[in-house]
Amino acid sequence: MPGKRLQLAIQKSGRLSEASIKLLKKCDIRFDNGLGKLRSSAFNFPLDILFLRDDDIPQYVADGVADCGIVGENVYYESGSELEILQHLGFGKCRLSLAVVKGSRYESLSSLTGKKIATSYPQLLSAFLEKNAVEAEVHTISGSVEIAPSIGVSDAICDLVSSGNTLFTNGLEEVATVMESEAVLVSRRDLGEPLKSLLKSLEFRFSSVNEALNNKYILLNAPIEKIREIEEILPGIKSPTILPLAKEGWCSVHSVIGVKDSWETIEQLKSAGAEGILVIAIDQMVR
Ligand code: PRT
Ligand code: ZN
């Protein structure tokens, strides 16, 4: 059906909002995300963006109000909605963890038997306790879970942790991980055309941008007799590009390196005789 637009739900205001908007902008999708907007239409891609509370996103996608969404895995799995996870997006990383009052007796998960655990994730916690055959009381609260033990509401908590500062400042100690989480792109399974193709294009853009973020473009000069050694350090996508330099006996090598260990790679290249090394950010990368 010509003119049909894909509806993407993202968090309106919170920890995933900025990174979701940044990802769309890096994909060259232009839209107005002015304050207070509930929906925005992209100018240069058949996409409408719906700004919602993160907890509502799985249900809205399941109900067909949106076709796809960006949400934390924690929220998606807690919702119990039957959607498809299309892509892990590499931001919003955290873990859902169990924590007890520092210094309290804890040896293993079975130490939680008969205890009261406060959480905003009752489904995920209950499933975890059941899987580990621990009988504990799950007490659902919607916010400020970390203060529950100090005000006598619970013995332990199950909440999201990233740096661990919140647990530390509330005198709590992390004892077990229930799940690791990051932002994911989810969609309904039954999308028809042309929405399916539009979603494929969006996915392609997301993965090209994420791939680019994980890699850098590298250029260097090297004496010809060192090229074999340098090639081994720089596998590139297929193989490095090697071009002769005007200076006799030298060439220029172009390739792609992973961000994760780029400094180690640069040091190895330098020791192998490389000079004039330039490392440049990549906007999009398609393998
Ligand atoms: O208003 P709305 O309902 O949309 O937002 P919200 O307040 O429910 O969610 P928000 O914006 O806090 O988080 C959105 C998503 O970000 C979560 O569902 C996770 O997928 C992801 N995320 C990543 C986190 C954290 N890191 C995180 N640290 N969500 C929450 N926290 C909180 C945590 O609950 C605890 O209070 O941060 C505190 C712990 O952080 P540290 O760094 O002190 O350990
Ligand atoms: Zn929420």
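Look through the range 217-243, keep the residues that are crowded, with 19+ Cβ neighbours inside 10 Å and touching a Gly at 6+ places or on another chain (Cβ under 8 Å), and return whichever of them is nearest to residue 285 (Cα to Cα).
220
Among residues belonging to the range 272-287 that are surrounded by fewer than 15 Cβ atoms within 10 Å (Cβ to Cβ) and within 35 Å of the chain's Cα centre (by Cα), point out the one that is farthest from residue 210 (Cα to Cα).
Selected residue: 276.
Give the residue that is farthest from residue 183 (Cα to Cα), with candidates limited to residues of the range 9-24 that are among the basic types (Lys, Arg) and within 11 Å of ligand 1 (Cβ to nearest atom). Quick ask: steps written out before the conclusion?
Just the residues of the range 9-24 that are among the basic types (Lys, Arg), to begin with: 12, 15, 22.
Adding the requirement that they be within 11 Å of ligand 1 (Cβ to nearest atom) leaves 12, 15.
On the way: 12: 14, 15: 10 Å.
Applying the filter and picking the extreme gives 12.
For the range 48-67, check the following and say yes or no: at least one residue is under 23 Å from residue 140 (Cβ atoms), away from ligand 2 (no atom under 16 Å from the Cβ) and crowded, with 16+ Cβ neighbours inside 10 Å.
Within the range 48-67, one or more residues are under 23 Å from residue 140 (Cβ atoms), away from ligand 2 (no atom under 16 Å from the Cβ) and crowded, with 16+ Cβ neighbours inside 10 Å.
Select from the range 6-25 the residues that are over 15 Å from the mean Cα position of the chain (by Cα) and among the basic types (Lys, Arg) and write down the one among them that is farthest from residue 209 (Cα to Cα).
12
Give 65, 138 a once-over and let me know the one that is in contact with a helix residue (DSSP H, G or I) (Cβ under 6 Å, 6 or more places away or on another chain) and over 20 Å from residue 166 (Cα atoms).
Matching residue, one of 65, 138: 138.
Has the range 191-209 got any residue that is aliphatic (A, V, I, L, M), part of a strand (DSSP E or B) and either touching a Phe, Trp or Tyr at 6+ places or on another chain (Cβ under 7 Å) or over 30 Å from residue 102 (Cβ atoms) (or both)? Show your work before the answer.
The first filter runs over the range 191-209 and keeps only residues aliphatic (A, V, I, L, M), leaving 191, 195, 198-199, 202, 209.
Filter again for part of a strand (DSSP E or B), leaving none.
So far as the range 191-209 goes, no, none of its residues is aliphatic (A, V, I, L, M), part of a strand (DSSP E or B) and either touching a Phe, Trp or Tyr at 6+ places or on another chain (Cβ under 7 Å) or over 30 Å from residue 102 (Cβ atoms) (or both).
Please count how many residues of the range 78-92 are more than 14 Å from ligand 2 (Cβ to nearest atom) and within 18 Å of residue 121 (Cβ to Cβ).
Residues flagged as more than 14 Å from ligand 2 (Cβ to nearest atom) and within 18 Å of residue 121 (Cβ to Cβ) within the range 78-92 amount to 4.
Scan 167, 172, 202 and give me the residue that is in contact with a Leu (Cβ under 8 Å, 6 or more places away or on another chain), among the hydrophobic types (A, V, I, L, M, F, W, C) and at pLDDT 95 or above.
On the way: 167 fails: in contact with a Leu (Cβ under 8 Å, 6 or more places away or on another chain); 172 fails: in contact with a Leu (Cβ under 8 Å, 6 or more places away or on another chain).
That would be 202, the only listed residue that is in contact with a Leu (Cβ under 8 Å, 6 or more places away or on another chain), among the hydrophobic types (A, V, I, L, M, F, W, C) and at pLDDT 95 or above.
Quick check on the range 1-35: of everything there that is away from ligand 2 (no atom under 16 Å from the Cβ) and in a strand (DSSP E or B), which residue is surrounded by the most Cβ atoms within 10 Å (Cβ to Cβ)? Please lay out each step first, then the result.
As a first pass, look at the range 1-35 and keep what is away from ligand 2 (no atom under 16 Å from the Cβ): 1-8, 21-35.
Next, from what is left, pick out any that are in a strand (DSSP E or B): 6-8.
Numbers: 6: 23, 7: 20, 8: 25.
Top of the filtered list is 8.
Go through the range 144-177 and give me each residue that's in a strand (DSSP E or B), within 8 Å of ligand 1 (Cβ to nearest atom) and not acidic (Asp, Glu).
Residues satisfying the conditions are 160, 161.
Here is a check on your reading of the model: is residue 62 within 16 Å of ligand 1 (Cβ to nearest atom), in contact with a Leu (Cβ under 8 Å, 6 or more places away or on another chain), modelled with pLDDT of 95 or more and not in a strand (DSSP E or B)?
no
Would you check if residue 48 is among the acidic types (Asp, Glu), closer than 23 Å to residue 207 by Cα, more than 11 Å from ligand 1 (Cβ to nearest atom) and modelled with pLDDT of 95 or more?
It is true that residue 48 is among the acidic types (Asp, Glu), closer than 23 Å to residue 207 by Cα, more than 11 Å from ligand 1 (Cβ to nearest atom) and modelled with pLDDT of 95 or more.
The values are calculated or read from the model by the stated rules, or taken from the named source; none is laboratory data. Remember, it's a predicted structure, so these values are computed and weren't measured experimentally. Methodologically, a virtual Cβ is constructed for each residue, glycine included, from the backbone with ideal geometry; neighbour enumeration extends over all protein chains shown.
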